[in-house]
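The values are calculated or read from the model by the stated rules, or taken from the named source; none is laboratory data. Please read all numbers here as calculations on a predicted model, not as lab measurements. Here the Cβ positions follow ideal geometry from the backbone for every residue, glycine too, while neighbour counts run over all protein chains shown. The area values use the complete protein model at the heavy-atom level, side chains included, leaving out ligands, DNA and RNA. Shrake-Rupley method; radii C 1.70, N 1.55, O 1.52, S 1.80 Å.
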Amino acid sequence: MALTKRQKQLDVEKWLKSEQMGVDACGTFDYCVKCNKALENPCDKAFKKFTAPKKTTKKATK
C-alpha cells in the first residue's frame, strides 16, 4: 500500500491533534464524514470528496 502525499500530510495533522487532545483524533475532522476506512488512503479520498466542487443540476426548461 503506497501512501499518497496528502494522506501523509493528513496523518501528521491527525497525529498532532491526537497528541493535543490526548485521544485518537480520527473521525474528528470535517472531511471525516466522507471517510471509508476500508479504502486505501482513506483520509486523502475523504478529503477529496469533501472538498470537491458541488455539482449543480439545471432544471429542464420547456
Filter segment 41-54 for residues that are at pLDDT 95 or above and either open to solvent by 70 Å² or more (accessible area, probe 1.4 Å) or over 13 Å from the mean Cα position of the chain (by Cα) (or both) and give the result.
Lys45, Lys48, Lys49, Phe50, Thr51
So, Thr57, is that one hydroxyl-bearing (Ser, Thr, Tyr), open to solvent by 100 Å² or more (accessible area, probe 1.4 Å) and on the phi < 0 side of the Ramachandran plot or not?
yes
How many of the residues making up segment 10-40 are surrounded by 14 or more Cβ atoms within 10 Å (Cβ to Cβ) and more than 17 Å from Ala52 (Cβ to Cβ)?
6
